[in-house]
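A short write-up of the structure that comes next.
The values are calculated or read from the model by the stated rules, or taken from the named source; none is laboratory data. Only a predicted model underlies this, so the values are computations on that prediction, with no experimental measurement involved. All Cβ positions, even for glycine, are placed from backbone atoms using ideal geometry, and neighbour counts span all protein chains on display.
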Amino acid sequence: MPVQNAEQPTVPFWRRHAHEEIQGGLWLIGIAVIVWQGWYWPGLLILAGLSAVIEGIIRYFGSLQS
């Protein structure tokens, strides 16, 4: 019989993958703006940097909640 850890709370399914959805939305909107404005080279670097910053913020606040 598997042993369950009583200290880990059950997280709803929609909350487990929220960070992936935020990252996906950021990239879709970012690529659309880059193509629309024609900022291919600096735009991709800015989008990658912004994505890393947002992911760090999400991980930081996620660790505070658990």
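The table below lists the values:
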quantity: The range 23-66 - residue that is of a type in the set (S, T, N, Q) and within 30 Å of THR10 (Cβ to Cβ) and, of those, modelled with the highest pLDDT; calculated: SER51
quantity: Total residues in the range 18-61, condition surrounded by fewer than 13 Cβ atoms within 10 Å (Cβ to Cβ), assigned to a helix (DSSP H, G or I) and of a type in the set (Gly, Ala, Ser); calculated: 7
